[in-house]
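Each remark here refers to the structure printed beneath this line.
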Amino acid sequence: MFDVGRQAADQALAVRTDYEGMWCHNDDIAMGAITAFKARGIDIGPFTAARDAIVAYVERVVAGELFITCLTEFQYFGGKRTVSIYDAATGASYPLKDEVIQAPWTTVVFNTKDPKLREENIDLIKRSGLWWHPNFIWVDAEDLLGFLKIAEKFPAQKYPYDFRTLSVGKSKELGLTFDRHAKCYITANDYYYVPLMKRFRVTTDRTKGQNLEEFFRQFALTMEYFLDLNWDTYEQNMAKLAEADARGLKLEPVWGTAEAVYD
């Protein structure tokens, strides 16, 4: 993916060179793209954002060379799937119809130890509107590094998760307190039910699947109109927006406050 990023950046730089920031699909692509920029003598500062939170990228966030990355914890969701299967198989717990589609909360990673970088980062995030989004969970990059290197340290160090507490059945069997975070709080380690978001919710009754049906309807409309915008002119795009809106596609972003998403 590093080479993919470098090639994509070369293509972008062939069109223009006055970039002030960059967002990439993942950390490897971002680091490849930065290499291409530097080879042309172009310095956009630390304003590169990506996702995955691989160790090499997070180390550069700590150093102040890169702006931000994010992650969804694969260890957590591996454990979450296991205990969900266990609870369903034993009859301890089974999701209601509107709870069957679950999504991870995302942890955003940036430098909060350097006062100047902290101030700049928080200002940028607030101006984007993300600071107040209920899904916005952040962690300092330096604090995260030890967690990311768990594969190198376990079992020498205590494993940070207790997945027994994420199981309804095991919590009852062992007298434990159920904990959605599996006793690990450095990152989000949490999930939510997508059909219950305000965008899709049509009823407070979770048992009949009406919210799930609305989610599928909104998803289908999104795919129908906006799966591929590569060849659209501005006029064609505006016409699509108007037609999709007339058919009931909800286009307002869920920025700002918890109420905007879940009230």
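Only the coordinates and a few stated rules stand behind these numbers; no lab work does. What you see is a predicted model; the values in this text were computed from it and never measured. Please note: Cβ atoms are built from the backbone with ideal geometry, for glycine as well, and neighbour counts cover all protein chains shown.
Please report, in debye to the nearest 20, how large the charge dipole of the chain is about its Cα centre when each Lys and Arg carries +1 at its beta carbon and each Asp and Glu carries -1 there.
Rounded to the nearest 20 debye, it is 760 debye.
Between Ala88, Ala239, Ala49, find the one with the highest GNM mean-square fluctuation for the chain; connect C-alpha pairs within less than 10 Å.
Ala239
Placing +1 on the Cβ of each Lys and Arg and -1 on the Cβ of each Asp and Glu in the chain, which of Thr233, Phe77, Pro46 has its Cα farthest towards the positive end of the resulting dipole?
Phe77
Report the FRET efficiency, 1/(1 + (r/R0)^6), for Asp143 and Val4, where r is their Cβ-Cβ distance and R0 is 30 Å, rounded to 0.05.
Here the calculated transfer efficiency is 0.50.
What fraction of the Cα pairs in region 51-262, stated in percent, has a spacing above 23 angstrom?
Tail fraction, whole percent: 60.
How do Lys208, Lys183 rank when sorted from fewest to most other Cβ atoms within 10 Å of their own Cβ?
On the way: Lys208 12, Lys183 16.
Least to most surrounded, the residues fall as Lys208, Lys183.
Which of the listed residues, Trp138, Ala36, Phe67, is farthest toward the dipole's positive end in region 28-149, when Lys, Arg count +1 and Asp, Glu count -1 at the beta-carbon?
Of Trp138, Ala36, Phe67, it is Ala36.
Using a Förster radius of 25 Å, what is the FRET efficiency between Thr203 and Gln102 based on their Cβ-Cβ separation? Nearest 0.05, please.
The calculated FRET efficiency here is 0.85.
With no solvent and one point on each alpha carbon, what is the Debye value of log10 I(q)/I(0) for region 1-153 at q = 0.08, 0.10, 0.15 Å⁻¹?
Listed by q, the Debye log ratios stand at -0.30, -0.46, -0.87.
If one puts a single equal scatterer on every Cα of region 90-201 and applies the Debye formula without solvent, what log₁₀ I(q)/I(0) results at q = 0.10, 0.13, 0.15, 0.23 Å⁻¹?
Taken in order of the listed q values, log10 I(q)/I(0) reads -0.44, -0.71, -0.89, -1.26.
Give the relative contact order (percent, whole number) for the chain; include only Cα pairs under 8 Å separated by 6+ residues.
17
Placing +1 at every Lys and Arg Cβ and -1 at every Asp and Glu Cβ, with all other atoms neutral, what dipole size does region 1-47 have around its Cα centre, in debye to the nearest 20?
Numbers: 4 positive and 7 negative charges, 27 e Å.
My answer is approximately 120 debye.
Neighbouring Cβ atoms within 10 Å as the yardstick, rank Phe67, Phe37 fewest first.
Taking fewest neighbouring Cβ atoms as first place, the list is Phe37, Phe67.
With θ set to phi - 60° and the Karplus curve 6.51 cos²θ - 1.76 cosθ + 1.60, what are the ³J(HN,Hα) couplings of region 5-13 in order, to the nearest whole Hz, using x for Gly and Pro?
x, 5, 5, 5, 5, 4, 5, 5, 6
Only counting other Cβ atoms within 10 Å, I'd like Leu166, Leu227 sorted with the fewest neighbours first.
Least crowded to most crowded, the residues run Leu227, Leu166.
Give me the percent relative contact order of region 1-47, please, defined on Cα pairs under 8 angstrom at least 6 residues apart.
In percent, rounded to a whole number, it is 54.
Cα-Cα over 26 Å: which of Lys126/Lys198; Lys126/Lys149; Lys80/Lys158; Lys149/Lys183?
Pairs exceeding the cut-off: Lys126/Lys149.
Give a residue-ordered list of calculated ³J(HN,Hα) values for region 169-183 (Karplus: 6.51 cos²θ - 1.76 cosθ + 1.60, θ = phi - 60°; whole Hz; x for Gly, Pro).
Once θ is set to phi - 60°, the couplings for region 169-183 become x, 5, 4, 5, 4, 9, x, 9, 8, 4, 9, 4, 8, 6, 6 Hz.
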